[in-house]
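In what follows, a structure is listed as structure tokens, so that the remarks can point back to it.
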Amino acid sequence: MLEKWMQSGRYLPDWMRDFHAQKDLFKFLWSVAENSRQEGGHDLDGLTWCNTHVYVIDIFLWIMAKGGWTLQRTRKIQGVEFRDIHADVRAFMDELRAKQAQELSAMFAKETPDA
């Protein structure tokens, strides 16, 4: 029964069961960590958003779930307005896509021969 539950991914919040949503989340987390590092915070040498994604989802949360622990939104604190993680990730991804589109446009502009 435990293995079936684990394979279903139900130990993760609904929105984190989708691989693409996980990727977007970890890209966002990586940008937050990078900003912290640039401001003298955490040293992340040798880490990437991809290997932190694998570690957290495939190892840490997997092992925790096997022990009965799951990641869930708190229900204990009343009257606190929490940030909307979905809006934060969406804003980050929109900004990332706009930056990538701008970089691609600049790259194609350089490759276009003058007539």
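Between GLN78, GLN102, GLN22, where does the largest GNM mean-square fluctuation fall for the chain, given springs only between Cα atoms within less than 10 Å?
GLN78
Can you list the lysines whose alpha carbon is less than 18 Å from that of LYS99, not counting same-chain residues fewer than 8 positions off?
Cα-Cα hits under 18 Å: LYS23, LYS27, LYS110.
Can you pull the Rg over Rh of region 2-63, Cα-only, Kirkwood?
Values: Rg = 13.6 Å, Rh = 12.8 Å.
That ratio is 1.06, to two decimals.
Using the 2.2 N^0.38 Å rule of thumb for compact globular proteins, work out how the chain stacks up: its C-alpha Rg over that value, please.
Working: Rg = 18.8 Å, N = 115, 2.2 N^0.38 = 13.4 Å.
Against the empirical 2.2 N^0.38 Å value, I get 1.41 for the chain.
Test of understanding: extend the Cα→C-beta vector of HIS20 to 7 Å, then name every residue of region 51-95 with backbone N under 17 Å from that spot.
86-87, 89-95
Can you give the FRET efficiency to the nearest 0.05 for ILE77 and ALA109, using r as the Cβ-Cβ distance and R₀ = 41 Å? Kindly include the intermediate steps, with their values, before the conclusion.
On the way: r = 51 Å, r/R0 = 1.23.
Once rounded, the FRET efficiency stands at 0.20.
Given the options VAL32, VAL89, VAL80, state which has the largest fluctuation in a GNM of the chain using a 10 Å cut-off (strictly under) for Cα springs.
In this elastic network of the chain, the residue with the biggest mean-square fluctuation among VAL32, VAL89, VAL80 is VAL80.
For the chain, modelled as a Gaussian network with Cα springs under 10 Å, which listed residue fluctuates most, GLY40, GLY79, GLY68?
GLY79
Within region 64-100, name every residue whose backbone N is under 18 Å away from a label modeled 7 Å from Cα of GLU34 along the Cβ vector.
88-100
Every number in this text was worked out from the coordinates using simple rules, so none of it is lab data. All figures in this text were calculated on a predicted structure; none of them were measured in a lab. With ideal geometry, Cβ positions are generated from the backbone for all residues, glycine too; neighbour counts draw on all protein chains shown.
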